[in-house]
Amino acid sequence: MNDYLSKPFSESIQILKNNKTYILSIVALAILYVLPIVLANTHYIDDLNRTVAGYNWDHDGRFVSSKIMHLLSFQKEVVYSLYPFSNMISAVILALSGFIISYSVGVRNKLMLFIGSFLLLTCPFLLEILLYRFDCIPISLSILSIAVPFLFYNNKKIFFAVSVISVFLCLGLYQTSALSYCIILCFLLLKEVWNNQFKTAIMSLLIASSAFIIGFFSYKIVLKWLDLNLLQDRRADFIFTDDNFKMLLEERFYSMLDLVKLLMLSSYRFVFYILLFFSVLSIVIYFKNNFKALFNKSLLIKVSITLVLIFCILIFMAGVNMFVYEPRWVPRAMIGWAVGIYGLYFAISLNSNYKNIMAVISFIPFIYYSFLMSSQLAIYLKNQDDFSDYIINLLSPKLFEHGKPKVIINGVNKTAHRNITINFSTMPLIYQLAPIYENNGWGWGIIRLNKFDNISSEYIGGQERLDVLAKMKEFPIIDQNVYYTLRIKDGIAIVDFDKNE
C-alpha cells in the first residue's frame, strides 16, 4: 500500500528534478513579465478603497475569493493585498494554467509547452488582472481551477468529479472565468472528432456538460445557504427571456467589438496577423501531408462538427457579458479571448515537421509585444499617479482652510505630460487599462483625491451632483491655475477641470 502511494509521488519529484531548469525558466520569465507593474507601485481602481477598508468579495457572490484571501491574510475581518508577492504569484499561476491547457490537449514538445505557458499570461487584456493587488490571486486561481480538470480528461470518473468541484470553485472565485472551461472542452472535442473518436466525443460532452451544470447549481445553492448581502444590480440576471433579446444581444456584441478594436487598432494587429498566417499555413500543410487519411466519407461530418464547435468557441470567448443585463466590458472580462487564442497555437502544433520554426517566428513577436505593453502600461500608471498626487498637493492647502469638505469633480483631469507618447493612435488599450480617475461623477475620482484623508469621504452623486453643478457659478473661486478651478461654498468643494468654461 505504501509503495502504491509513494511511487507516483516519487515519480513526480523525479520529473521536477529532471526539469528544474525548464520550470525555473518559466517561473522567472513570468515574474519578469509582471515586474514593471510591481515596480510602478500604484493602486488600481478597487485597490484604492480596499486598501483602506479591507473588505472582501462576498457582495459579488465570490465567497471562495473571500475565504482564501482572509486565510492568506491571517485576518478574519479584513483582507490584505500581499503586494508585491500577490502580483508575482498570480503571474506564475497564469503561466501554470497556460501550461496545463497546452499539456491537456496533447502538446508534449518542450518548446511548444514553454510557449503555451506564456500565451495565457501575456494576453494584453489580462494585464488588468495583474494590476490588482487584492484581486489578482483569486482571479488567477479561478482560471487555474477550470484548467485542472482536463489533466484527468482520459479518466472520465475523475474528470467528472474534479470538474464539478472546479466549476464550483471557479464561480466562487470569479464567475467570468467559468465559460473558459467550455472553450478547453471544445478543443478536446475537436481533437477527438478528427481522431475518429465520435462516441468518445459524445460521452465527453455529456460528462462535461453534466459536471458544469451540477457545479453551477451547487454554487447557487451554497450562495443561497450563505445568505450573502449581494449587490442589488442585474449583473447576474440573464436577458434570454427579454422581449428585446435580439437588440440587447446586438448591443453587447458591438460593445465587445469596441474593446477588441482597441487592441487590434494598435500595432498589435501586425503580430496577430503573423500568428494567424502561420496557423492557417500549418493547417494547410497538415491537410496536404495527411490527404489520404483525412479525405474520406466522414470528412463532411468532421468539417460540420468543427464549424459548430468553432462557433461555440467564439460565443464562449465573448463570455457571460453577452447574456446579462449589466455587462462589464472591461479587459479582465476577456479571459475567454485569452483561452480562445490557443486555437491558433494548437493549429501550429499540428505541423510535425516545421512547428518549432513556425512557433519561434510567430510567437516571439506576439509574446514580446505583451512584454512591451506591460512596461509601457506600468510607466503610464506611474506617471499618471504622480500627476494625480501633484494635483492633490496643490488642492490640499486650500481645502484644509475649509475643514474637510465634500468634493464634486467637474470635467476630466489632464493626462500626465510624460504620457503623451502613449495615446489612442499608439496603444489605445492602455486608455482602457489605465483610466483617469478624476473624471466627472466617477466615484473612484473622489476616492483617489482622498488618498491622504484630506477630504470628506462622503460621495455626492446622481441628481444631487447635477443640482450643485447647476449652481456652480454661485460658488466663489478659491483657487485657479492651468489645471483646475476650485470653488468652495457651504462645505462643498467643486474641482472644475473643464477649462473651456
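Observations, loosely collected:
- Subset of the range 156-177 (residues that are under 23 Å from the mean Cα position of the chain (by Cα), part of a helix (DSSP H, G or I) and among the aromatic types (Phe, Trp, Tyr)): 168
- Number of the exception - residue 460 against (1) touching an Asp or Glu at 6+ places or on another chain (Cβ under 9 Å); (2) β-branched (Val, Ile, Thr); (3) over 27 Å from residue 130 (Cα atoms): (1)
Residues are listed down the side, and each one gets a yes or a no for (1) surrounded by fewer than 12 Cβ atoms within 10 Å (Cβ to Cβ); (2) closer than 24 Å to residue 52 by Cβ; (3) not assigned by TED's automatic domain parsing to the domain that holds residue 333:
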position: 400; (1), (2), (3): no, yes, yes
position: 408; (1), (2), (3): no, yes, yes
position: 418; (1), (2), (3): no, no, yes
position: 456; (1), (2), (3): no, yes, yes
position: 459; (1), (2), (3): no, yes, yes
position: 470; (1), (2), (3): yes, no, yes
position: 473; (1), (2), (3): yes, no, yes
position: 476; (1), (2), (3): yes, no, yes
position: 481; (1), (2), (3): yes, no, yes
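- Some residue of the range 305-321 being closer than 27 Å to residue 143 by Cα, surrounded by fewer than 16 Cβ atoms within 10 Å (Cβ to Cβ) and at pLDDT below 90: no
Residues are listed down the side, and each one gets a yes or a no for (1) at negative phi; (2) surrounded by fewer than 19 Cβ atoms within 10 Å (Cβ to Cβ); (3) in contact (Cβ under 8 Å) with a residue 24 or more places away in the chain; (4) assigned by TED's automatic domain parsing to the domain that holds residue 321:
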residue: 147; (1), (2), (3), (4): yes, no, yes, yes
residue: 191; (1), (2), (3), (4): yes, yes, yes, yes
residue: 218; (1), (2), (3), (4): yes, yes, yes, yes
residue: 238; (1), (2), (3), (4): yes, yes, yes, yes
residue: 246; (1), (2), (3), (4): yes, yes, no, yes
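- Residue 270 over 23 Å from the mean Cα position of the chain (by Cα), of a type outside the set (Lys, Arg) and closer than 25 Å to residue 123 by Cα: no
- Any chance residue 236 is of a type in the set (A, V, I, L, M, F, W, C), closer than 24 Å to residue 327 by Cβ and modelled with pLDDT under 90: yes
- Matching residues in the range 450-475 - criterion: being among the hydrophobic types (A, V, I, L, M, F, W, C) and in contact (Cβ under 8 Å) with a residue 60 or more places away in the chain: 452, 468, 469, 472
- Any hit, the range 153-165, residues being assigned by TED's automatic domain parsing to the domain that holds residue 46, crowded, with 24+ Cβ neighbours inside 10 Å and of a type in the set (Lys, Arg): no
- Residues in the range 437-446 that are buried (at least 19 other Cβ atoms within 10 Å of the Cβ) and in contact with a helix residue (DSSP H, G or I) (Cβ under 9 Å, 6 or more places away or on another chain): 2 in all.
- The set of residues in the range 322-360 that are crowded, with 16+ Cβ neighbours inside 10 Å, assigned to a helix (DSSP H, G or I) and among the β-branched types (Val, Ile, Thr) comprises 335, 339, 348.
- Subset tally (residues that are touching a Ser or Thr at 6+ places or on another chain (Cβ under 6 Å) and within 19 Å of residue 429 (Cβ to Cβ)) for the range 345-381: 3
- Matching option when the condition is among the hydrophobic types (A, V, I, L, M, F, W, C), in a loop (DSSP other than H, G, I, E, B) and outside the structural domain of residue 275 (by TED's automatic domain parsing), among 387, 424, 363: 424
- The residue list 486, 429 contains one member that is closer than 30 Å to residue 129 by Cα, buried (at least 16 other Cβ atoms within 10 Å of the Cβ), in contact (Cβ under 8 Å) with a residue 40 or more places away in the chain and touching a helix residue (DSSP H, G or I) at 6+ places or on another chain (Cβ under 7 Å), which is 429.
The values are calculated or read from the model by the stated rules, or taken from the named source; none is laboratory data. Keep in mind that what you see is a predicted model, and the values were worked out from it rather than measured. A quick note on method: Cβ atoms are made from the backbone with ideal geometry, for glycine too, and the neighbour counts reach across all protein chains shown.
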